[in-house]
Structure formats: structure tokens, C-alpha cells
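All remarks here apply to the structure that follows.
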Amino acid sequence: MKKIKLKEIFEIKKGKKVEPVDESFPNKVRYIQIEDLRDDRSVKYCFHDDNYVYANSESIIIAWDGANAGTVSYGLEGAIGSTLAVLEAKTKDIYIPFVGKFLQSKFQYLRDTCTGATIPHISRKALENLLIPMPSFEEQVFISKILDKAQSLVETRKAQIESLDQLTQSVFLEMFGDIRINSKKFKQVKLNEVITKITTGKSLAGKGISEYKVLKTSAVSYKFFKQNEVKYLPQDYVPPVSHIVNKGDVLVSRMNTSELVGAAAYVFNEIKNVALPDRIWKLHYSRKINPIFLWYFINQSYFRDKVTDIATGTSGSMKNISQKKYLNLSILLPDISLQNKFAEFVYKIQIEKDKMDKGLIELNNIFNSLMQRTFNGKLFPE
């Protein structure tokens, strides 16, 4: 299979700063941002401007700057922001989904060749000189269809997991009503009435393999605990017992971006020799509240909005929560028997999710292997 440098078949156009507008504005066009490359469901808009850089259905879009640099998508149409770039084919004998999938398989290469000490930037030279396997157009289409089928299995499993999350949210609303207005008239208390103590840890950088690890901020940046998001502590450092993360802990991201600050996670499974960093709290709770109910309540958007309001930090920087202000926030306190009933349901759902998550990991491994073998010429040799 012949290989061609990307710069020989694609022109790279870097995006420009775009001013967004409301959906109701006339003469609007879609405004594509980095998050749209992963999730195409939240559409934003801008005015049409001839000075903007536009993507079309035959363009490949790549995140050029920032934490998501190297993320690739295709098939989107609209103006791209300054942190993105479009790749436009110079010839007609290229099947865009084929090259798009190839570039997605090269994410780690694109990350490893990034420039910039603090903010990653795609290396134009590394991208332009990337060798792309180029079989015939018909073979490109055939290979893409095979990979699409494999990808659909992954997406189906993700949708199944998401449906379980939606079911849990529906049960929460059914049992506890609209928490914004306390529609079921439950008792309302300050968090300091059910949280007895808050523990935080240390973020120490280690090298190599050591007995203890520390959580990364990303482990508690979303609704669910990611126990593999860890890094090693120094080999000679033994964290205090109070810093160790255990099954049953409720963790809160006390320092994060404005969108993620206050995110909470519950540790459903056993975990060994993992410690808290300084950016994550462990909430110690009283017998008045079920920890699973506590975790789920403080992750509701209504409560998270309250946390954002009390978080401090300049615009665009990391936000931080004061323990005093956090504990002064209000929470509903239904009868403990009702909390326990909800927790039992969530626990059963989690068992099913764990099974599906394992299956998803296996499917992702198979898909990634298929991608690598395909573009290395091992799956469809000449």
C-alpha cells in the first residue's frame, strides 16, 4: 500500500476567532468548537463572515490548540474557531472518512509531537509530513465501511450505558421530585448538618513505580469515579491513612475549571493504595444521610450551579471552593429509609454498568487493534 505525505494531498487552514450569536438570529451559520468534535449534539451559531474559515462535509477538522489538541472529526459544516484547523483535499480520489479514521488512529502521535510547554499546539511540520496509506478509492470506501461497523458496536454499548444513567436520573426525579422547588416538601438542611468533616490530600509528583498512587483531578471531574486516573507518588512517601481512598467514599472536585468544579464521585468498588490529591475532597458523612444519595444529590445541575456561584477564581482560570461556603449550602434530607431505597436501586444499576463497562473496554480494544492493523497494512495486505 503506497503512502503519501499529508501535505501533498491536503491543504491546512487554521481557524480564526469567531463571535457567537443566539440561535434566533437570522443569516446565521453553524459555529464549530472543539467540544463538537467529540459530541455533535450541542449546536452553536455565528454570523456568516467571508473572513472566517469554514468546514464542509468533505473537510477534516482537527483540534489544533489546547488540552484536546489532536482530536479529529469530519463531516461537520460551519465556521471553525481559532483553536481548530481544517484539512481540505487537493484531489478527488480521497475518501474523507478513510483519512479521517487514519488521523484518529494517530492521536497519540499528534500529541507526542505537539509544541508548547503549557498549552499543547499541533506541530504543522509533523502533521504535514505524516505518511498516509493510500489504497485505491474503492478500497478506501470498503475499509471505512468495515471500520464503521466495528465503531457502531462501540457506540451501541455506550448508548446502553447512557440509558442506564438516564434511568437512574428518572428514578431520582420520581422519588424526590423537583429539588429546585422541593416539590415533595422534604426537610431541608445545611451540608454542615450531614457532613462531619472534609479531608483533602497532597499532590506529590513521583517517578517510576511506587507502592502508592494519587488521583488525578480527572478522576473526579465528572459524575462517576475513574479509578484508573492516577499517577505515582514518590517511592519513599507513605500517605497518611486519612488520605487513602476507600470503597464507599464520596469525593468532590474542589478545584477545577468553572464547568467541572464541584463534580462529585462515589467509590463503588474496592481500590488499593490510592491517595487524595490537594484538589479533591473526601466528605465524611453522618448516619443521617446515605452516601449514594448524597453523591447523587450534589451532582444535580441545580446544586452544581450553586457551587459554581460560590467558587472563586478569575475568568478562564481554575475555580476553587471554600469549605465554609460549601458546607453552608442547603440539601434536601428525605427519610433515611427512602434514601436507602434509592441507593439500593443505584447499586443494582451499577453492577450492570460495571459489566457493560468491561464489555466496552473489550470492544474499544478490538476496535483500536482493528484500526492499527488496517492502517499498518496487516488486515488487508496487497
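Accessible area, 1.4 Å probe, largest first: how do SER369, SER330 sort?
On the way: SER369 55, SER330 25 Å².
Ranked from most to least accessible, the order is SER369, SER330.
Mind grabbing the accessible area of SER242 for me, 1.4 Å probe, Å², rounded to tens?
Looks like 60 Å² after rounding.
Rounded to two decimals, what is Rg over Rh for the chain when you use alpha-carbon atoms and the Kirkwood radius? Don't jump to the answer; show the numbers that get you there.
Numbers: Rg = 23.9 Å, Rh = 23.7 Å.
That ratio is 1.01, to two decimals.
For the chain, set up a Gaussian network in which alpha carbons nearer than 10 Å are linked by springs, and say which option among PHE268, PHE224, PHE47 fluctuates the most.
Ranking PHE268, PHE224, PHE47 by mean-square fluctuation puts PHE47 first.
Give me the extension gain from ASN340 to ARG111: residue separation times 0.36 nm, minus the current Cα-Cα distance, reported in nm with one decimal. All intermediate terms of the calculation are to be shown ahead of the outcome.
Working: separation 229, 0.36 × 229 = 82.44 nm, distance 4.51 nm.
Computed gain between ASN340 and ARG111 is 77.9 nm.
Round to a whole angstrom and tell me the spacing of the C-alpha centers of segment 251-295 and segment 220-243.
12 Å
Once the piece of chain linking ASP354 and ASN182 is laid out straight, how much longer is it, given 0.36 nm per residue of separation minus the C-alpha distance between them?
Working: separation 172, 0.36 × 172 = 61.92 nm, distance 3.21 nm.
Length difference between fully extended and current span is 58.7 nm.
Heavy atoms of the protein only, probe of 1.4 Å, neighbouring chains included. What is the accessible area of ARG304 in Å², nearest 10?
40 Å²
Filter the chain for me: DSSP H helices, axial length by Cα at least 27 angstrom, mean Kyte-Doolittle hydropathy not below -1.0. List them by residue number. Numbers along the way, then the final one.
Details: long enough: 137-176 (56 Å, -0.03); 336-375 (56 Å, -0.28).
Correct list, ordered by number: 137-176, 336-375.
Return, ordered by residue number, the residues of segment 276-296 whose backbone nitrogen is under 18 Å from a label point located 7 Å along Cα→Cβ of LYS247.
Flagged as within label range: 291-293.
Relative contact order for the chain: what is it in percent, counting Cα pairs under 8 Å that are at least 6 residues apart?
Working: 678 pairs, mean separation 55.5, N = 382.
Once divided by the residue count of the chain, the mean separation gives 15 percent.
What are the semi-axes of the equivalent ellipsoid for segment 245-333, taken as the square roots of 5 times the Cα gyration tensor eigenvalues, largest first, in whole Å? Write down the numbers at each step before the final one.
Values: eigenvalues 93, 56, 22 Å².
Equivalent ellipsoid semi-axes, largest first: 22, 17, 10 Å.
Among TRP295, LEU84, GLY206, flag the residue with its Cα farthest along the positive direction of the charge dipole of the chain, charges on Cβ as +1 for Lys/Arg and -1 for Asp/Glu.
GLY206
For Cα pairs less than 8 Å apart in space and 6+ apart in sequence, what is the mean separation divided by the residue count of segment 197-285, i.e. the relative contact order in percent?
Working: 218 pairs, mean separation 36.4, N = 89.
RCO, segment 197-285: 41 percent.
Work out from phi, with θ = phi - 60° and the Karplus expression 6.51 cos²θ - 1.76 cosθ + 1.60, the ³J(HN,Hα) of each residue of segment 241-251, listed in order in whole Hz, and give x for Gly and Pro.
Using θ = phi - 60°, the values come out as 4, 5, 8, 6, 8, 10, 4, x, 6, 10, 10 Hz.
Specify the residue with the greatest mean-square fluctuation among PRO133, PRO26, PRO291, computed from a Gaussian network of the chain linking alpha-carbon atoms under 10 Å apart.
Looking only at PRO133, PRO26, PRO291, the biggest GNM fluctuation is shown by PRO26.
How would THR156, THR71, THR113 line up by accessible area, probe 1.4 Å, largest first? List each step's numbers first, then the result.
Values: THR156 75, THR71 10, THR113 40 Å².
Order by accessible area, largest first: THR156, THR113, THR71.
Over 5 Å intervals from 0, what percent of Cα-Cα pairs in segment 1-152 sits in each interval?
2, 9, 18, 22, 19, 15, 9, 5, 1, 0
Return the distance in nm (one decimal) between the two label points of a simple spin-label model at ALA126 and ILE209, each offset 7 Å from Cα along Cα→Cβ.
Reported label-point gap for ALA126 and ILE209 is 2.8 nm.
With a 1.4 Å probe and all protein chains left in place, how much of the accessible area of the chain comes from carbon and sulfur atoms, in whole percent?
Values: 10310 of 20290 Å².
Ligands and nucleic acids excluded, carbon and sulfur reach 51 percent.
Heavy-atom accessible area per residue, segment 1-51, 1.4 Å probe: how many Å²? Write down the numbers at each step before the final one.
Working: 3550 Å² over 51 residues.
I get 70 Å² per residue for segment 1-51.
Any idea what the relative contact order of segment 1-51 is, in percent, if you count C-alpha pairs under 8 Å spaced at least 6 apart? The partial results should precede the final answer.
Details: 42 pairs, mean separation 18.4, N = 51.
After rounding, I find 36 percent.
If I model a spin label as a point 7 Å beyond the Cα along the Cα-Cβ vector, how far apart are those points for GLN166 and GLU270 in nm?
So the two model labels end up 3.6 nm from each other.
The values are calculated or read from the model by the stated rules, or taken from the named source; none is laboratory data. Values in this document were obtained by computation on a predicted structure and should not be read as measured data. Ideal geometry is used to build each Cβ from the backbone, glycine not excepted, and the neighbour counts take in all protein chains shown. Protein only, heavy atoms only, side chains kept; ligands, DNA and RNA dropped before computing areas. Shrake-Rupley method; radii C 1.70, N 1.55, O 1.52, S 1.80 Å.
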